[in-house]
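Trainee: First the structure, which I've put down as C-alpha cells, then a few questions once you've had a look.
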Amino acid sequence: MSHTEVTPDEQAGPDAEKLPGRGWRVVLSLFIVLNISTVLYVSLPPAWAARKHAEWTADWAPMAKYRLSLVHWRWQQYAHLAGLNNVWQMFGKQSEFNWHYDIRGVYGSGKAEKWVLLPLPGQSKRTWAQTYIFDFRQRKLDLNIYRDEFARQACMRYLARLYPEHEGMPLTKIRWNLRYQMILPPDEAVRRQKLVSDDWHTIDFGRYTLPTKEEAPR
C-alpha cells in the first residue's frame, strides 16, 4: 500500500491563512525597523544631536560631510512625508517677554478725530462665556499672524468692515501695535519677587488706511 505525502498547508485545509513568503517578511521587517529608527532619530534632543554630530565628523573630509548631510536631509524628508516627525515636548521653552496686541480704530478726522480701542478678545471687557469658552481661538490667531504681515493687513481690512463707525463718525484708519514687557531672569525674579519688568514697550505692527471715496474701486 502506497502512502501519499501531505504538506502542512494541505493538512490545514484550503481556508487556512497563509503566511507571506520569506521575501515579503524580510521587506516588512526592514520597513518596521526603518520607521522605529526614524521615530528614535527625530526624537533626539537637537542640541545633543548637533554636538555629537560635530564631534563625530570633526576629522571627516568635506565631501563625506556633505554626503552625510544629504542622508540626514533625505531621512528628515521621509519622516515628514510619513508623518513620523511629530515630537512631544512636556515643557515648552519659556518666552522671553509677555505680549499682547493693541488694535485701535481712528474715527473722524481733524479736531474731531478719536482713537478707539476695538472690542476684541484680550483688550476689552468680556463676559464669562467669552473668556472661558470662546476666546481661546483668538490666542491661536494671534500667534499665527505674529510674523505674517500679509495676514495682519487682511485682518485689519476685516476689522474695518466689522467696525465701520463709532458714535456716528466713520472709520478712517486702523493702528496695530504690539505691546510687550520683558520676563525677568530667574535670579532677578527671585530677588525682586516678580516675574516681569514694570516697563512696557511698543512696536508698530502695521497701519491700514481706508481708501477715500475717490480712491475706492468702482
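Trainee: Testing Trp115 on (1) free of Cβ contacts under 8 Å to residues at least 60 places away in the same chain; (2) open to solvent by 60 Å² or more (accessible area, probe 1.4 Å), one condition comes back false. Which one is that?
Mentor: (1)
Trainee: I would also like to ask the following. Hey, does segment 147-162 have a residue that's in a loop (DSSP other than H, G, I, E, B) and modelled with pLDDT under 90?
Mentor: Checked segment 147-162: at least one residue is in a loop (DSSP other than H, G, I, E, B) and modelled with pLDDT under 90.
Trainee: In addition: Return the residue satisfying two criteria in turn: it lies in segment 120-133 and is open to solvent by 100 Å² or more (accessible area, probe 1.4 Å) and over 22 Å from Arg175 (Cα atoms), and of such residues it is nearest to the chain's Cα centre (by Cα).
Mentor: Only one residue tops the list, namely Tyr132.
Trainee: Which residue, of Ile174, Ile203, is among the β-branched types (Val, Ile, Thr), in contact with a Phe, Trp or Tyr (Cβ under 8 Å, 6 or more places away or on another chain), in contact (Cβ under 8 Å) with a residue 40 or more places away in the chain and in a strand (DSSP E or B)?
Mentor: Ile174
Trainee: Among Arg192, Arg161, which is over 27 Å from the mean Cα position of the chain (by Cα), among the basic types (Lys, Arg) and more than 21 Å from Tyr101 (Cβ to Cβ)?
Mentor: Arg192
Trainee: Counting only residues that are aliphatic (A, V, I, L, M) and open to solvent by 100 Å² or more (accessible area, probe 1.4 Å), how many does segment 134-173 have?
Mentor: 1
Trainee: Residue check: is Leu195 open to solvent by 50 Å² or more (accessible area, probe 1.4 Å) and in contact with a helix residue (DSSP H, G or I) (Cβ under 7 Å, 6 or more places away or on another chain)?
Mentor: Yes.
Trainee: For the subset of segment 73-84 comprising residues that are in contact (Cβ under 8 Å) with a residue 12 or more places away in the chain and open to solvent by 60 Å² or more (accessible area, probe 1.4 Å), which member is farthest from the chain's Cα centre (by Cα)?
Mentor: Trp75
The values are calculated or read from the model by the stated rules, or taken from the named source; none is laboratory data. Predicted, not measured: the structure shown is a model, and the values here were computed from it. Every residue, glycine among them, receives a Cβ derived from its backbone with ideal geometry; neighbour counts consider all protein chains shown. Calculation scope for accessible area: heavy atoms of the full protein, side chains included, ligands and nucleic acids excluded. Shrake-Rupley method; radii C 1.70, N 1.55, O 1.52, S 1.80 Å.
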